[in-house]
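In what follows, a structure is listed as structure tokens, so that the remarks can point back to it.
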Amino acid sequence: MTILQVESPRFTKSDLAKYPFLKQTAEFIKPLNLQIDDLPRMGLDQILKRAEDRVDEALTNRRINRNMKALDLEILSFPVALLIVIATENSFIKKRYALAEAKQASNDLVLEPKEKVLQIARDFDWRIHINLRETQDSPSEFTVSFTDYLRNSAHLHDKKWKLTNSVLSHGNIYLNKPDTVRLLEEEIRRRVEKRLDVKLQKCPPELAAVAERVKKLASAVIGEIETEELPKIVVQSAYPPCINALFETAKSNHHLSHIERFTLTSFLVNIGMSSETVNELFKTFSDYNERLTRYQIEHIAGERGSATHYTPPQCSLLQTHGVCKNRDDLCRRIYHPLAYYKRKQRLAANSGI
Ligand code: SF4
């Protein structure tokens with residue numbers, strides 16, 4: 001394998017405007033000694049305005065366009081946008097913002113030369129190299145360490161991310177540029193989410209007012225998503241067989257194993273059941289503990305802790321753990337219980353049921 005070790009040069013101001021989550025952004029901002037109380041002061045209101053626009057764009061477009069004509073403003077508005085999002089104390093807004101920053105970065109990165117992709121991946125301490133000789137045995141532009149690959153592909157559902165479908169050699173995976181960028185997108189999203197996972201010690205009224213506006217916008221957007229992706233009401237007849245089997249087990253045994261409980265809870269919160277209703281379901285369980293059960297449900301729903309919103313495991317994993325039961329015809333065409341649920345509803349709607 002021939003690889004090229006490239007020294008990481010410093011990022012330019014344009015880079016920081018495009019990829020403001022980089023570690024070097026902090027160095028750029030530090031000498032300005034910006035304080036949260038300074039924000040509303042004359043001259044900084046432009047930054048606050050651009051920061052609010054960033055959050056609005058994230059909520060409405062799931063992307064954040066870069067303004068490359070005002071680099072300073074663009075860079076400085078990123079940490080302020082983070083403050084606005086933190087001030088909302090809303091897990092949906094936090095997740096949506098982190099995702100939009102990651103998606104925009106991914107859109108831009110895929111157009112960059114591979115040296116830039118490598119430089120940004122190294123900002124995340126990836127063990128990544130440019131593959132100099134693209135042959136049949138080593139067919140791609142990059143080699144990425146097995147651990148960096150696994151950490152970032154774990155939640156990607158497409159078959160191509162399965163290790164069995166990857167070219168692995170000496171602890172490295174061969175990846176083309178789009179796939180490398182896709183994995184970086186995951187890394188960026190997590191970095192931004194982590195920076196949003198804090199509480200503000202103080203919140204000036206101007207910032208609180210912006211956060212309130214953002215929350216109103218988010219409520220409108222959440223309404224749209226519910227009608228767009230999943231129905232507002234829970235449709236029991238569309239449950240996949242494994243979920244029905246879990247209900248049966250719960251009814252007869254009054255107990256579920258850890259993975260069964262996780263699967264059922266994450267499925268129900270993802271299809272729109274409230275944490276309160278899920279909690280009611282578990283009340284008949286022999287080991288019911290109100291405080292613990294509420295905590296677990298809210299954690300899975302992304303209402304606590306890291307604000308990570310969990311989804312049920314894929315069918316392949318549920319099969320391994322014996323949770324997949326009574327598979328039917330539709331099961332053969334899907335890979336995930338939520339995909340089953342959506343597909344079944346579409347089929348019912350098309351057939352007029
Ligand atoms: S194939 Fe998937 S959706 Fe169908 S029963 Fe098994 S786990 Fe559930």
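The values are calculated or read from the model by the stated rules, or taken from the named source; none is laboratory data. On a predicted model such as this, the values are computed, not experimentally measured, just so you know. Please note: Cβ atoms are built from the backbone with ideal geometry, for glycine as well, and neighbour counts cover all protein chains shown. Surface accessibility is based on the protein's heavy atoms, side chains included, excluding ligands, DNA and RNA. Shrake-Rupley method; radii C 1.70, N 1.55, O 1.52, S 1.80 Å.
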**Message:** What's the number of the only condition in (1) within 16 Å of the ligand (Cβ to nearest atom); (2) modelled with pLDDT under 90; (3) hydrophobic (A, V, I, L, M, F, W, C) that residue 349 fails to meet?
**Reply:** (1)
**Asked** Looking at the range 210-233, which of its residues are modelled with pLDDT of 50 or more, more than 21 Å from the chain's Cα centre (by Cα) and not hydrophobic (A, V, I, L, M, F, W, C)?
**Response** 212, 213, 216
**Prompt:** Does the range 308-321 contain at least one residue that is over 23 Å from residue 240 (Cβ atoms), more than 10 Å from the ligand (Cβ to nearest atom) and free of Cβ contacts under 8 Å to residues at least 24 places away in the same chain?
**Reply:** no
**Request:** For residue 248, indicate whether it is open to solvent by 50 Å² or more (accessible area, probe 1.4 Å), without any contact (Cβ under 8 Å) to a residue 24 or more places away in the chain and within 16 Å of the ligand (Cβ to nearest atom).
**Result:** yes
**Request:** For residues that are part of a loop (DSSP other than H, G, I, E, B) and small (Gly, Ala, Ser), scanning just the range 154-173, find the one that is nearest to the chain's Cα centre (by Cα).
**Result:** 154
**Asked** When you go through (1) away from the ligand (no atom under 16 Å from the Cβ); (2) in contact with a Ser or Thr (Cβ under 8 Å, 6 or more places away or on another chain) one by one for residue 274, which number turns out not to apply?
**Response** (2)
**Request:** Output the residues belonging to the range 325-342 that are under 23 Å from residue 273 (Cα atoms), within 26 Å of the chain's Cα centre (by Cα), near the ligand (Cβ under 10 Å from one of its atoms) and open to solvent by 40 Å² or more (accessible area, probe 1.4 Å).
**Result:** 335
**Asked** If you check 130, 86, 64, which single one turns out to be at pLDDT 90 or above and either among the polar types (S, T, N, Q) or in a helix (DSSP H, G or I) (or both)?
**Response** 86
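Just name the residue that is most open to solvent (accessible area, probe 1.4 Å) out of those in the range 265-281 that are touching a residue at least 24 places away in the same chain (Cβ under 8 Å) and hydrophobic (A, V, I, L, M, F, W, C).
281
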**Request:** Consider only pairs whose beta carbons are under 8 Å apart and that are at least six residues apart or on different chains; among these, list those whose first residue lies in the range 322-340 and is over 16 Å from residue 246 (Cα atoms) and whose second residue is outside any helix (DSSP H, G or I) and more than 7 Å from the ligand (Cβ to nearest atom).
**Result:** 335/157; 335/314
**Item:** Residue count, the range 73-101 (criterion: farther than 18 Å from residue 185 by Cβ, of a type in the set (D, E, K, R) and open to solvent by 10 Å² or more (accessible area, probe 1.4 Å))
**Value:** 1
